[in-house]
């Protein structure tokens, strides 16, 4: 299989892992965690690489994940002291950790192929050439196996905790907590997210990780009502972003990271605008209809109360005419009266209040 | 009865929700009035609509201020919002907060001067908080915070005061102090209206009540309006508290 | 070090960075108090698209790519504002919250910006002037020119005058917008001004701190300053001072040490200052704090 195809395959499986992760983060209202982690894992990663000079060492993963957990601990510390506001503390902590990482990379790793740009963008183009070998056998790119393993881990986690996750999605009051066994779940879950971030770092870089963890799941969140649908749609949109971005990057001769992130964002935009029911366009028409309805009911109410319509700020002449045409009002001698249709429309609106 | 504020067919919507529907009522001048209703009844919205802070779908609000009252400054109404709407960790002192009440009288590039500071200290004395004037506001208790909020409204020297749940989270002693100050204001001819949540104190504190649940249920003098029937219609439930709250006035209730 | 300071470029860089640090740090007080660090992050990351797009536009219109701040900062402002408005729209009209909005804007604006940047860098025939455009990722103070310094001075002066004259109004709007509206003040207009100040506080520093880390330059001085005072005015001055010091020091260090991106160096100084303040402040600090917030 050619290098390009492998790169595409790795991109797709990375996208899937980010989408699965991100779906659960979005449901738990914790999207911020992905942004923070993708910044915080860098110093651990850079330090480990500097010390070991071995790209394949598992210590890289462990060290980076440790960086992630440190960030989570530090943020909680800042937040619990209530001295600094929590958004600000997150921003400062991971900016600080990220800067440390960048300085390590710029200074200590100057002569390696691990440099500041890779941090942001990842190294997808080179990834297919890093092979996993079992003795003499070439099993394919290491990153492919790594990301596939991560996806498996995530699927296992999701299957095991499916009921709890579903409850959270339906009950908005549970959102932000894992319901039944909060602390344990949270720890396991954040570890999985950290591992995903670190594993994907080499392929995707910090920007794309955040983009893929948030944009496709957010778009799916707008389109679905059930957890299973959310996961499937998010995964599908992530795969779509990966493929479109990849294809765009080839004639442009640039790293796929920008185009993939851009596609994910564009897809979100399209969903946001045009989604049936929750999209902006559809909402606009719904709101117009509701508003017109409310005004009509108001006119009906005022007629029923026999009060003058002078205080209405809207143009009530056309509304009156429309109501008469639709037989909700009727003109009898000099007065206006509600018909039975008009009365029932008014009654149902008042009942809804 | 002279009217300070009247609304006609006031209707306010937020997106798809209706907050107030066709509310026509009058707030009497020189009295202490309560706006009462369940959660989400639009009580705060009514205050905001009177102040012109929210866009209305239809209806109008009329302020009937006497000529001498209307001429003075832009801030004819002293507004005391809910205490929860503020960040108490903000780096300002008690005096700073009260001085904000003078901003309505100052141009945008002006800062409060000696005259404003003296007025602010006067108002702080009124609420017995003058010793705290250099404290950061986060260091105050709930009752103290509410008193400072009041002082800020008083420094506006308005003739009408609108308060949103001023007794929420406030200790009994402070509540007593506040209601006494408000009663003094009433004796001086000012109009006070507040959103109130404690049904047990309605009859002792208020001359006039407005019962609201998105629509106007009833409004009038407390003795006539604060009845079990009206309360039931407002809150939609039967409860001992409601019965207790209205029983002091032995009005004949509906025949069971 | 004295000989270094007598070098014209170094002097320029240090002065410019100090001005940036003071402006950003000071204006960052409003962002900090209004809990807008997330929004600041959105604006900052999204500026990349505007910077790259306006650069390309300058090349398209004049045949030569122009990296002057007079071209790039308007680009940054445009993209940053667009991203912020879009985030607000998404947060207000859907069930998604602000942190999801950040991720989406990152994908849309930063992703597209990065794509455009790499395409410009790889284009053949090569686009003149594009070298160093990617310094806007992590900042490079050494790239500052005297024309840039003029732009920075203008923004700094504009901000200072605005804050000075509008001090009272800005204070009440930051603290209690509801009450301000109740007083009859035109809050919508002041909101626009506060937004403008936020955007200026961010775009002014993009050249030296870079889009990725700019939010720390905005928020950290205010976070640190808050620990030392109860007065808004004092907080403003302290934040401006801390911002100026960290920015100038970071810029100085990075321009004498070649190849070191400026942003991370400045942020390390800022982080140290914040940690020190949180630990050591006599009134609120963890180690010595006498007063505690009444909850």
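Could you work out which residue, out of A:107, A:123, A:202, moves most in a Gaussian network model of chain A, that is, has the largest mean-square fluctuation with Cα springs under 10 Å?
In the Gaussian network model the winner is A:107.
Does chain A come out rounded, prolate or oblate, given a ≥ b ≥ c as the square roots of the eigenvalues of its C-alpha gyration tensor, rounded meaning a/c under 1.5 and, failing that, prolate meaning a/b above b/c? Walk me through the numbers before you get to the answer.
On the way: a/c = 2.90, a/b = 2.40, b/c = 1.21.
Taking the square roots of the gyration eigenvalues as a ≥ b ≥ c, chain A is prolate.
How many times 2.2 N^0.38 Å is the alpha carbon radius of gyration of the range C:31-101?
This ratio for the range C:31-101 stands at 1.31.
Give me B:111, B:135 sorted ascending by neighbouring Cβ count inside 10 Å, so fewest comes first.
B:111, B:135
Taking each residue of B:107-116 in turn, how many C-beta atoms of other protein chains fall within 10 Å of its C-beta, and what is the average?
Counting Cβ atoms of other protein chains within 10 Å of each residue's Cβ and averaging gives 3.
Going by average Cβ density within 10 Å per residue, which order do the peptides A:133-143, A:22-32 take, highest to lowest?
Answer by packing, highest mean first, reads A:22-32, A:133-143.
Each label point is 7 Å from the Cα along the Cα-to-Cβ direction; what then is the distance between the points at residue A:139 and residue B:3, in nm?
8.4 nm
For the pair residue C:279 and residue A:191, what calculated FRET efficiency results from E = 1/(1 + (r/R0)^6), where r is the Cβ-Cβ distance and R0 = 30 Å, to the nearest 0.05?
On the way: r = 29 Å, r/R0 = 0.97.
After rounding, the FRET efficiency stands at 0.55.
Multiplying the sequence separation of residue C:287 and residue C:146 by 0.36 nm and subtracting their Cα-Cα distance, what value in nm do you get?
46.3 nm
Assuming a ≥ b ≥ c are the square roots of the Cα gyration tensor eigenvalues, decide whether chain C counts as rounded (a/c under 1.5), prolate (otherwise, with a/b larger than b/c) or oblate.
Values: a/c = 1.79, a/b = 1.26, b/c = 1.42.
It comes out oblate by the Cα gyration axes.
Relative to the longest principal axis of the C-alpha atoms of chain B, give the angle of the C-alpha long axis of helix B:172-187, reported between 0 and 90° and rounded to the nearest 10°.
Approximately 90 degrees, to the nearest 10.
Work out, step by step, the length gained on full extension between residue A:160 and residue A:225: first 0.36 nm times the residue separation, then minus their alpha carbon distance; give nm to one decimal.
Taking residue A:160 through residue A:225 to full extension adds about 21.3 nm, to one decimal.
Residue by residue through A:268-275, how many Cβ atoms from other chains fall within 10 Å of the Cβ on average?
Whole-number average of other-chain Cβ neighbours for A:268-275 is 3.
Between helix C:69-93 and chain C, what is the angle of the helix's C-alpha long axis to the longest principal axis, kept within 0 to 90° and rounded to the nearest 10?
Taking the Cα atoms of chain C, the angle to C:69-93 is about 50 degrees.
Applying a 10 Å radius around every beta-carbon, put A:248-256, B:81-89 in order of their mean neighbour count, most first.
Working: A:248-256: 18.1, B:81-89: 16.3.
Put in order of decreasing packing, that is A:248-256, B:81-89.
May I have the extent of the alpha carbons of the range A:208-353 along their three principal axes, as whole Å values ordered from largest to smallest?
Sorted largest first, the three principal extents are 79, 31, 23 Å.
How much FRET efficiency would the formula 1/(1 + (r/R0)^6) give for residue A:73 and residue B:201, where r is the Cβ-Cβ distance and R0 is 56 Å, rounded to 0.05?
For R0 = 56 Å, the calculated efficiency reads 0.70.
Take residue A:277 and residue C:160, extend 7 Å from each Cα along the Cα→Cβ direction, and tell me the distance between the two endpoints in nm.
Label at residue A:277, label at residue C:160, 5.7 nm between them.
If you take each beta carbon of peptide B:6-15 and count the beta carbons of other chains within 10 angstrom, what is the mean?
4
Please label the shape of the range C:126-285 as rounded, prolate or oblate, based on the square roots a ≥ b ≥ c of the eigenvalues of the alpha-carbon gyration tensor (a/c under 1.5 means rounded; beyond that, a/b larger than b/c means prolate, else oblate).
It comes out oblate by the Cα gyration axes.
Would you please give the FRET efficiency between residue C:193 and residue B:176, computed as 1/(1 + (r/R0)^6) with r the Cβ-Cβ distance and R0 = 45 Å, to the nearest 0.05?
Details: r = 43 Å, r/R0 = 0.94.
Calculated value: 0.60.
Is it possible to state the helix-based mean residue ellipticity at 222 nm for chain C, with each DSSP H run of 4+ residues giving -39500 (n - 2.57), the sum divided by total residues, to the nearest 500 deg cm²/dmol? What is it? Could you put the intermediate results ahead of the total?
Working: 15 runs with 217 residues, N = 295.
After summing the helix terms and dividing by residue count, I get -24000 deg cm²/dmol.
Rounded to the nearest 500 deg cm²/dmol, what is the calculated helix-only ellipticity per residue at 222 nm for chain B, with -39500 (n - 2.57) per DSSP H run of length n ≥ 4?
-9000 deg cm²/dmol
Angle, helix C:232-256 long axis vs. longest principal axis of chain C, Cα atoms, 0 to 90°, nearest 10?
Computed tilt is about 30 degrees.
Spin-label point model (7 Å from Cα, Cβ direction): what's the residue A:250 to residue C:88 distance in nm?
Calculated label separation equals 4.3 nm.
Taking N as the number of residues in the range B:106-249, what value does Rg over Cα atoms divided by 2.2 N^0.38 Å take?
Dividing the Cα Rg of the range B:106-249 by 2.2 N^0.38 Å gives 1.24.
Ratio of the range C:1-139's C-alpha Rg to 2.2 N^0.38 Å, to two decimals?
Normalised Cα radius of gyration, the range C:1-139: 1.22.
Using mean Cβ contacts within 10 Å as the protection proxy, how do B:158-171, B:211-224 order, highest first?
Top to bottom by mean Cβ count within 10 Å: B:158-171, B:211-224.
May I ask for the distance between the Cα centers of the range A:223-250 and the range B:155-188, given as a whole number of Å?
One Cα centre to the other: 58 Å.
Working from the pairwise distances between different alpha carbons, so that the mean of 1/r is found and then inverted, what is the range C:138-186's Kirkwood radius in Å?
Evaluated over the range C:138-186, this radius sits at 13.4 Å.
Based on DSSP, what percent of beta bridges with both residues in the protein assembly as shown are antiparallel, to the nearest 5? Walk me through the numbers before you get to the answer.
On the way: 27 of 44 bridges.
If I count the DSSP bridges inside the protein assembly as shown, around 60 percent turn out antiparallel.
Under a 10 Å cutoff between Cα atoms, tell me which one of A:291, A:326, A:131 has the largest fluctuation in the Gaussian network model of chain A.
Of the options given, A:326 has the highest mean-square fluctuation.
Can you give the helix-only mean residue ellipticity at 222 nm for chain A, where every DSSP H stretch with n ≥ 4 adds -39500 (n - 2.57) and the sum goes over all residues, rounded to the nearest 500 deg cm²/dmol?
-25500 deg cm²/dmol
Starting with the fewest neighbours, write out A:263, C:147, B:58, C:123 ranked by other beta-carbon atoms found within 10 Å of each beta-carbon.
Ranking A:263, C:147, B:58, C:123 by Cβ neighbours within 10 Å, fewest first, gives C:147, C:123, B:58, A:263.
Take the Cα atoms of the protein assembly as shown, build their convex hull, and give its volume per residue in Å³.
Hull volume normalised by residue count: 210 Å³.
For chain C, with a Gaussian network of springs between Cα atoms less than 10 Å apart, report the residue from C:213, C:232, C:149 with the top mean-square fluctuation.
C:232
Write down the Kirkwood hydrodynamic radius of chain B, to one decimal in angstroms, obtained as one divided by the mean of 1/r over all alpha carbon pairs.
Here the Kirkwood hydrodynamic radius works out to 19.2 Å.
Bear in mind these aren't lab numbers, they're just calculated from the coordinates by the rules spelled out. Just so it is clear, the model here is predicted, and its values are computed rather than measured. Reconstructed Cβ throughout: ideal geometry from the backbone, glycine too, with neighbour counts over all protein chains shown.
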